Amino acid sequence: MPEEPELLLKSGRVLDPASNTDAVLDVTVRNGSILEVGASLEVPPSTEVIDLAGKWLMPGMIDTHVHVGGDLDGITDPGVGLRSVVQAGATTVIDLGGRMERLVAGIKNHGSGANVGGLGMLKPGVTLPDDDPDPYTVRETLNTALESGLLGLKMWGGYYPFSMDVTADIIAACNERQAYVAYHVGTKSSGSRLDGMRELPAILGDNARAHIAHINAYCRGSILPPAEEITEALEILESLRGQVVSEVHLARPNFTRGECDESGNVRMDVARNCLRLRDYETTRESMRKAISDDYGSVVRQSPSGLSLVTGEAGVKLFDEADSLVGMSFPVNRADTAFQLTAAKRPDGTFIIDAIASDAGVLPRNVNIEQAMNMVRFGALTPLEMAEKLSFNPARMIGLEKKGRLSVGMDADLTVIDPEKGRATMSFVAGDMIMLEGRAIGSGGTLLITEAGVSEAGKYGLESEVVDLTKSLLYAS
Ligand SMILES: [Zn+2]
């Protein structure tokens, strides 16, 4: 007797880039997996049926760059971003730089049913003794991260830069273990800008592999006119084809830190760049002026997430926290994000693999809305959108049963209402976790590597082992 489905998703426009399918079809689900995909499937009367006529159905959105662990200034409630990512249509997210204990607490507090993987942050004084770790310390730190269940490491070059040699050594250490490694560019000899990108060929050499985060953030016009920065950034990525994976986010506001030192200077490279872009000096007084002028905003935590406060109210928050606040500036350019997202090689493949949000807790979970704007404009086909939002992200992490909408794959699915231009429903392993923008799931499955199995067993959460040798970083 054939297996009976539990759920029938009827008459949605199925978008599966892996099989190049774009057609109105039925999809059935059983035991968390896709049982059948076809036209007018017959099901027994006991099957739950959801009518998706007029809606688009794609493999669940995978966001390879979020912040849900809450290791950011002013955010004390771990996991508050996990609701936001699910509300925006994500079914799997990768926390780019945090600590496992915060991630676990976050999933317990606010988990909304999404799958969550994380990378360990490299912060001198917190996860590393200083900003000049020797190779032994680097490998010990990586081992601790992997054994805690994290998938690898993240370097925040715009905040805690290392020398080029140490940066290269951290990447080498991750490559030796075939761990995931993500790099927000910038070293002690460059910045979180195009000059940081220019160092990549020297840092990576002929063989090293890394995920290069938010390429759009290095094309804000700090060094060259933005159009020239875009061209050069794409050339650099193309010269490293097979060695790097990358993503772009499509939101205008950035996020950074306001922190100033004792002599009244802004400490963080990213924040200094934001001030310079509008000809402010990089001092505490200039930062207060930029907030008062409504250019800079201070990030405020509320029970529902974060909001941005500018003007005199923002200056007050900045002063009360003695500059230790999250900050946001409207520095990401729409033209840049658009061009980087759409850029293709002569063979028709995308130079930048994915759209990610760099959001989570930050109020800019706009992957699907902005990608739908690009679809409406004709810059992406619906299938290409699904490729950038799910298929390529799955390949980046090596999630072989995700990112595809075909028989035997995980029933992680995102439904988009093309008229509203946003996600209206999503499922993880066949269970609905979001409906009309409300997160209705709970908990979450932790994505870990084999090295983390023993520790992860103690967290009281579901976990699933990811084989990173299947990641595009290592498989290509
Ligand atoms: Zn980030």
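Note down the nm distance, to one decimal, between modelled labels 7 Å out along Cα→Cβ at Glu400 and at Asn207.
2.5 nm
Of all beta bridges DSSP finds with both residues in region 1-102, what is the antiparallel percent, to the nearest 5?
Working: 13 of 23 bridges.
Counting only bridges with both partners in region 1-102, antiparallel ones make up about 55 percent.
Measuring from label point to label point, each 7 Å out along Cα→Cβ, what is the Lys420 to Phe377 span in nm?
My value for the distance between the label points is 2.4 nm.
Using the alpha-carbon atoms, what tilt in degrees (0 to 90, nearest 10) does helix 367-377 show relative to the longest principal axis of the chain?
80 degrees
How do 322-332, 180-190 rank on mean C-beta neighbours within 10 Å, highest first?
Details: 322-332: 20.7, 180-190: 23.6.
Ranked from most to least packed, the peptides come out as 180-190, 322-332.
Decide, for the chain, between rounded, prolate and oblate: order the square roots of the alpha carbon gyration tensor eigenvalues as a ≥ b ≥ c, take rounded if a/c falls under 1.5, and otherwise choose prolate if a/b is larger than b/c, else oblate.
Working: a/c = 1.58, a/b = 1.49, b/c = 1.06.
Here the chain falls in the prolate category.
Relative to the longest principal axis of the C-alpha atoms of the chain, give the angle of the C-alpha long axis of helix 226-239, reported between 0 and 90° and rounded to the nearest 10°.
Computed tilt is about 70 degrees.
So which lysines pass the test for Lys55, namely a Cα distance under 20 Å, with those fewer than 8 places away in the same chain ruled out?
Lys10, Lys388, Lys420
Give me the distance between the Cα centres of region 105-165 and region 24-54, rounded to whole Å.
For region 105-165 versus region 24-54, the Cα centre distance is 41 Å.
For the residue pair Arg30 and Ser454, what label-to-label distance in nm results when each label sits 7 Å from Cα along the Cα-to-beta-carbon direction?
3.9 nm
On full extension of the chain, what length is gained from Ile440 through Lys289, given 0.36 nm per residue of separation minus the C-alpha to C-alpha distance? Could you put the intermediate results ahead of the total?
On the way: separation 151, 0.36 × 151 = 54.36 nm, distance 4.20 nm.
Between Ile440 and Lys289, full extension yields an extra 50.2 nm.
For Leu277 and Lys344, compute 0.36 nm times the residue count separating them, minus their Cα-Cα distance, and round to one decimal in nm.
Details: separation 67, 0.36 × 67 = 24.12 nm, distance 2.89 nm.
Computed gain between Leu277 and Lys344 is 21.2 nm.
Which value in deg cm²/dmol, rounded to the nearest 500, describes the helix-derived mean residue ellipticity at 222 nm for the chain, given -39,500 (n - 2.57) per DSSP H run of n ≥ 4 and division by the residue count?
Working: 16 runs with 136 residues, N = 476.
Mean residue ellipticity at 222 nm (helix-derived): -8000 deg cm²/dmol.
Take peptides 402-414, 21-33 and line them up by average Cβ neighbours within 10 Å, highest first, as a rough protection proxy.
Working: 402-414: 23.6, 21-33: 18.2.
Final packing ranking: 402-414, 21-33.
Taking all protein chains as present, what is the carbon and sulfur share of the accessible area of the chain, in % to the nearest whole number, probe 1.4 Å?
In the chain, the share of accessible area belonging to carbon and sulfur is 48 percent.
Please get the size of the charge dipole for the chain, origin at its Cα centre, with Cβ charges of +1 on Lys and Arg and -1 on Asp and Glu, quoted in debye to the nearest 20. Mind dumping the intermediate values first?
On the way: 44 positive and 66 negative charges, 138 e Å.
The calculated dipole for the chain is roughly 660 debye.
I'd like to compare 165-173, 207-215: which one has the highest average count of other Cβ atoms within 10 Å, and what's the full order after that?
Working: 165-173: 21.2, 207-215: 23.2.
So the peptides 165-173, 207-215, ranked by packing, come out 207-215, 165-173.
Checking the a/c ratio against 1.5 first, then a/b against b/c, what shape does the Cα gyration tensor give for region 412-476?
oblate
Please list, ordered by chain and number, the residues whose modelled amide H lies under 5 Å from the amide H of Thr449; skip anything fewer than 5 residues away on the same chain.
Hits under the 5 Å cutoff: Val466.
Within the chain, what percent of beta bridges assigned by DSSP are antiparallel, to the nearest 5? Don't jump to the answer; show the numbers that get you there.
On the way: 41 of 83 bridges.
Of all bridge pairs located within the chain, approximately 50 percent are antiparallel.
The values are calculated or read from the model by the stated rules, or taken from the named source; none is laboratory data. Keep in mind that what you see is a predicted model, and the values were worked out from it rather than measured. Counting neighbours? That spans all protein chains shown, and the Cβs are built from the backbone with ideal geometry, glycine included. With ligands, DNA and RNA removed, areas are computed over all heavy atoms of the protein, side chains included. Shrake-Rupley method; radii C 1.70, N 1.55, O 1.52, S 1.80 Å.
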